[in-house]
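The values are calculated or read from the model by the stated rules, or taken from the named source; none is laboratory data. For clarity, every value in this text was computed on a predicted model and none was experimentally measured. Reconstructed Cβ throughout: ideal geometry from the backbone, glycine too, with neighbour counts over all protein chains shown.
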Amino acid sequence: MAYTIDTRRLSLGLFLPIEAYQGPLATMQHHLERALQAEAAGFEALWLRDVPLHVPRFNDAGQLFDPFVYMGYLAAHTSRIALATGSAILTLRHPIHTAKAATSADALSGGRVALGVASGDRIEEFPAFGYDHDQRGELFRASFETMRRLLDDDFVEMEPTHYGHLQGAGDLLPKAAVGGRIPMYVTGYAGGQRLDWIARHADGWIFFPQEIAKVSRRMYEYRAALERQQQPRKPYLQSLYIDLLADPDAPAQPLHLGFRSGRHHLIDHLKRLEVLGVNHVMLVLRFSSRPIKTVLDELGREVLPHFSC
């Protein structure tokens, strides 16, 4: 079975690496142990960032490993939890290789792969790959549309793009797991795509953490675009940086792209997002002031039950 996000409720995932670090580089110590702990706790998905080059001004090199290589490693050691890119930089990857990596990991994991996809925001990476950052919107659409056809159809024929052209002479193998379709969730506006294009072509929309009022407006705009494009309800996803404090009643304090607080505020905040229609939240524990193992234990015991099926 393919991995799908339930649009009737809110589920929780985790961004890798599941560790606290202040500088740009994670240690990646105990990373498999934390991934297995997350699966046992009941988290729905692990999200792997795609950071081709370490650009110091961003102060974050992600989980260091190539996301698809890492996905294969995690697939071999886990059994239930979904494995997703958050997000694969389609503009800097050839769509045939990206599609083949995705279907390979999906087949090997038993249908647990999802693709968050993005256009890339690290300007310094583009000349290294021979592309113009100003063309990222066009590059993204070309790669996205090629990948979608490769993932869904056999012996595809397509007109020439920046990535070449397909004449139906060869087919992408392996296909997704039996009965499955690998979802592709567009991140942000992906180099300037119109929301109507996202609503029509993507399987869901990933956006960045915002205050509740802005999330409400974003949800209204997204639903309106889905309706205009005569599309069914599709999931809305977002990340959230948290520092879960030991005092369960600790009030919220601002944190980059999130907050530090006790679990009661976190639960209330997530419930408000659920009411608005947010379907999946990827928690980021990078700024945690407590041991990650302890935080995961508390999240699994006290928070996840509020959002389980």
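What the table below lists for this structure:
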quantity	calculated
Considering residues of the stretch 102-124 that are part of a loop (DSSP other than H, G, I, E, B) and out of contact with any helix residue (DSSP H, G or I) (no Cβ under 6 Å at 6 or more places or on another chain) only, the residue farthest from Y185 (Cα to Cα)	E124
Residue within the stretch 185-201 that is of a type in the set (D, E), touching a residue at least 12 places away in the same chain (Cβ under 8 Å) and closer than 30 Å to S289 by Cβ present	no
Subset of the stretch 245-261 (residues that are of a type outside the set (D, E, K, R) and assigned to a strand (DSSP E or B))	Q253, P254, L255, G258, F259, S261
The stretch 179-211, residues that are outside any loop (DSSP other than H, G, I, E, B) and either modelled with pLDDT under 95 or hydroxyl-bearing (S, T, Y) (or both)	Y185, T187
Condition check for L166: without any contact (Cβ under 8 Å) to a residue 60 or more places away in the chain and under 26 Å from T78 (Cα atoms)	no
Some residue of the stretch 44-57 being more than 14 Å from the chain's Cα centre (by Cα) and assigned to a helix (DSSP H, G or I)	yes
The stretch 1-59, subset of a type in the set (K, R) and closer than 25 Å to D297 by Cα, residue surrounded by the fewest Cβ atoms within 10 Å (Cβ to Cβ)	R9
Any hit, the stretch 235-243, residues being among the polar types (S, T, N, Q) and farther than 19 Å from A82 by Cβ	no
Pair list, Cβ under 6 Å, 6 or more apart: the stretch 16-42 residue closer than 19 Å to A82 by Cα, other residue of a type in the set (S, T, Y) and in a loop (DSSP other than H, G, I, E, B)	E39/T78
Output for the stretch 125-135, where each listed residue is crowded, with 16+ Cβ neighbours inside 10 Å, out of contact with any strand residue (DSSP E or B) (no Cβ under 9 Å at 6 or more places or on another chain) and part of a helix (DSSP H, G or I)	F126, H133
